[in-house]
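I have placed the structure first, in the form of structure tokens, so that the comments after it can refer back to it.
The values are calculated or read from the model by the stated rules, or taken from the named source; none is laboratory data. Keep in mind the model is a prediction, meaning the values are calculated, not measured. Cβ placement follows ideal geometry from the backbone for every residue including glycine, while neighbour counts extend to all protein chains displayed.
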Amino acid sequence: MVGAGGLGVHAVLVARAGGAARVVAVDPSPGARRAALEAGADAVVDPEGDEDPRRALRAAAHGATLAVECVGRADTVELAISALAAGGRAVLVGVGTERPRLPPLARFVATEISVHGSFGSTPGEIRTVMDLITSGRIDTSRSIGSEVPLAEGPDVFARPPAASRTVLRP
């Protein structure tokens, strides 16, 4: 997982619940790396703490079959793609406007790597995640900062974004 903020930590939880053999999270924030380990990551990488973050990630990931990019910056997209083993897939979840540099086309063809964008969820995907939460297979309680009545929803959305999530209760 490239980016271990809200999206990345939840991606770690889902990957672990889905039976991923190895989960590695990348983030410059010590707190985010700690949260990723608490969520079940096997290893973390500080992209600013290593002269060659691509090499460090490849070594930690042992050749990723899936890299989920949760930041939306060109350099993080490039980092996610660099971690892929032959046949691997990068899924871009982070939203941004920068243009990443892609590897040579020969790498895509020869190693059959692919890059996919993902935005939003289908009703079936939402049901799957809700089932994982209600069954206790994933614990999202650490990411919930507060719970407020539904009537306070407009006030919640008027606030600046926060690292934790607010749950609106009917």
- For region 105-158, which residues satisfy the criterion of being of a type in the set (S, T, N, Q) and touching a helix residue (DSSP H, G or I) at 6+ places or on another chain (Cβ under 8 Å)? 114, 121, 140, 143
- Count of residues meeting criterion [on the phi < 0 side of the Ramachandran plot, outside any loop (DSSP other than H, G, I, E, B) and out of contact with any Lys or Arg (no Cβ under 7 Å at 6 or more places or on another chain)] in region 66-87: 11
- Confirm whether residue 105 is among the hydrophobic types (A, V, I, L, M, F, W, C) and either modelled with pLDDT of 95 or more or over 18 Å from the mean Cα position of the chain (by Cα) (or both). yes
- Query: Does region 94-114 include one or more residues that are crowded, with 16+ Cβ neighbours inside 10 Å, in the same structural domain as residue 16 (by TED's automatic domain parsing) and free of Cβ contacts under 8 Å to residues at least 60 places away in the same chain?
  - Reply: yes
- Query: So how many residues does region 1-15 have that are farther than 15 Å from residue 131 by Cα and surrounded by fewer than 24 Cβ atoms within 10 Å (Cβ to Cβ)?
  - Reply: 3
- Query: Does at least one position in region 151-159 carry a residue that is more than 26 Å from residue 43 (Cα to Cα), out of contact with any Ser or Thr (no Cβ under 6 Å at 6 or more places or on another chain) and either part of a strand (DSSP E or B) or touching a residue at least 24 places away in the same chain (Cβ under 8 Å) (or both)?
  - Reply: no
- Message: Against the condition within 23 Å of residue 133 (Cβ to Cβ), without any contact (Cβ under 8 Å) to a residue 24 or more places away in the chain and assigned to a loop (DSSP other than H, G, I, E, B), how does residue 49 come out, does it pass?
- Response: no
- Item | Residue in region 124-170 that is surrounded by the most Cβ atoms within 10 Å (Cβ to Cβ), counting only those that are farther than 16 Å from residue 16 by Cα and among the acidic types (Asp, Glu) | 152
- Task: Kindly provide the set of residues from region 88-119 that are part of a loop (DSSP other than H, G, I, E, B) and within 23 Å of residue 36 (Cβ to Cβ), ordered by number.
- Result: 93, 94, 95, 96, 100, 118, 119
- Give me a count of the residues in region 26-39 that are under 20 Å from residue 133 (Cβ atoms) and buried (at least 18 other Cβ atoms within 10 Å of the Cβ). 3
- Residues in region 11-27 that are outside any loop (DSSP other than H, G, I, E, B) and either more than 16 Å from residue 69 (Cα to Cα) or of a type in the set (D, E, K, R) (or both): how many? 2
